[in-house]
Amino acid sequence: MGFRLNRRQLLGGGAAAAGVVASGGLLAACGDDDSTSGSAGGPASGTVTLGSNYSDENPKAALAAAVAALPNPDLEVKINTTDHNTYQENINTYLQAPDDVMAWFAGFRMRFFANQGLVGDISDVWTNMTGLGSGFKTASTGDDGKQYFMPFTYYTWAVNYSKSLFEEKGYTAPTDLDSLLGLAEQMMSDGIVPFAFANDGQWPAMGTFDIINMRLNGYDFHIDLMAGKESWTDERVMDVFKTWEQLLPYHQEGANGRTWQEAAASLENHETGMYLLGTFAASAMSDAGAADMDFFAYPELNPEHGQDAVEAPIDGFMMARSPSNEAGAKELLAHLGSATAQDAYLSVDPSVVAANDGADTSVYNELQKKSA
């Protein structure tokens, strides 16, 4: 389907609720290396704890593989895994007594805690990193100019679909609102719910708001809204909800009681035709279902803004404000930001893309190639 996200055009500075947004000519390079390699200081020892929300089977095993690739035998890493939604819902409480290193998200969601002094400065680790360009560094930087985040993987947030279903039914990817509504009506006449929709944990719907807002009002307005520079009572925001209301009848009902994994299964089983989510949706499918999944950019809703803006959230890790093993925490963070760790992760969970441009892209599947 034509759409492709260029990782060298991935924005690092602006971030929506879920992560980072890529947008046309305003993009900063993420693939351009601008630093050196290794962790800060000499080898660490002892035990370092890692708080993880990688609770689903594949990501959990993949993170364990990434940690196992740590080359220092004198540093033991204890992974403490919490259910993904529970982790996010209780992050404020968790940060009062966190693990040494913790999973989180780049951009505004990281800066919020950095601004409150709840996470540790890892600028010295960044001084010695390679393969993470200026865009990723910007996405990892607080308002004070210091780095508080280590990028690990990213993924495209787009409209996922089953290639075999589209081929069987003769569907084509819509490019504007009229063609989207037309496709939705066609799917309904075929007995298929047009959009899979799940909102267990309340975060998936945020992505729907993000993309409709960017399509209607543009990238700059969306970023300013997320930064508190625009009002949520602005008429343009009201237009987002009006458009969303127009599209809701084409979505699965009962979204708040459905997990994203269940929605992904409905896409794989051809019960639904499209699913607006990250490409990690493939990690909840069988191998055959994942191979059958493809994606396209969300259709244009306003000719002034087209389809240029694409969400590409960055997942990664932060350090506690006062870690029990600071040297170990920083060595682990440097490792997690390396191509070695990310290659190990992707060997188990190939539904996302490595942040480090030194990672082995020769083994990428079609979804990864399209996202990278």
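The values are calculated or read from the model by the stated rules, or taken from the named source; none is laboratory data. Bear in mind the structure is a predicted one, so any value in this text is a computation, not a measurement. Ideal geometry is used to build each Cβ from the backbone, glycine not excepted, and the neighbour counts take in all protein chains shown.
Scanning the range 211-254 for residues being crowded, with 19+ Cβ neighbours inside 10 Å and either on the phi > 0 side of the Ramachandran plot or of a type in the set (Gly, Ala, Ser) (or both) gives a total of 1. Any chance the range 112-123 includes a residue that's touching a residue at least 60 places away in the same chain (Cβ under 8 Å), over 23 Å from residue 350 (Cβ atoms) and within 19 Å of the chain's Cα centre (by Cα)? Yes, the range 112-123 contains at least one residue that is touching a residue at least 60 places away in the same chain (Cβ under 8 Å), over 23 Å from residue 350 (Cβ atoms) and within 19 Å of the chain's Cα centre (by Cα).
Within the range 280-298, residues that are over 17 Å from residue 171 (Cβ atoms) have Cβ atoms under 7 Å from residues that are β-branched (Val, Ile, Thr) and surrounded by 23 or more Cβ atoms within 10 Å (Cβ to Cβ) in these pairs: 280/352, counting only partners at least 6 apart in sequence or on another chain.
Of everything listed in (1) over 22 Å from residue 120 (Cα atoms); (2) modelled with pLDDT of 95 or more; (3) not aromatic (Phe, Trp, Tyr), the single unmet condition for residue 372 is (2). Evaluating residue 273 against the criteria (1) surrounded by fewer than 24 Cβ atoms within 10 Å (Cβ to Cβ); (2) touching a residue at least 60 places away in the same chain (Cβ under 8 Å); (3) not aromatic (Phe, Trp, Tyr) leaves one unmet condition, (1). Is at least one residue of the range 92-99 modelled with pLDDT of 95 or more, assigned to a helix (DSSP H, G or I) and over 26 Å from residue 283 (Cβ atoms)? No, there is no match, as no residue in the range 92-99 is modelled with pLDDT of 95 or more, assigned to a helix (DSSP H, G or I) and over 26 Å from residue 283 (Cβ atoms).
Do the conditions hold for residue 86, that is, is it crowded, with 16+ Cβ neighbours inside 10 Å and farther than 24 Å from residue 143 by Cβ? No: the conditions fail for residue 86. Look at (1) closer than 30 Å to residue 122 by Cβ; (2) surrounded by fewer than 19 Cβ atoms within 10 Å (Cβ to Cβ); (3) not assigned by TED's automatic domain parsing to the domain that holds residue 91 and you find that residue 288 fails only one, number (1).
For the range 293-319, the set of residues classified as in contact with a strand residue (DSSP E or B) (Cβ under 7 Å, 6 or more places away or on another chain) and hydrophobic (A, V, I, L, M, F, W, C) consists of 293, 295, 296, 297, 309, 310, 312, 314, 317, 318, 319, listed by residue number. If you go through the range 198-222 and keep only what is among the hydrophobic types (A, V, I, L, M, F, W, C) and under 30 Å from residue 55 (Cα atoms), you end up with 198, 203, 205, 206, 209, 211, 212.
Of all residues in the range 116-135, which are modelled with pLDDT of 95 or more and in a helix (DSSP H, G or I)? Once the filter is applied, which keeps residues that are modelled with pLDDT of 95 or more and in a helix (DSSP H, G or I), the range 116-135 yields 123, 124, 125, 126, 127.
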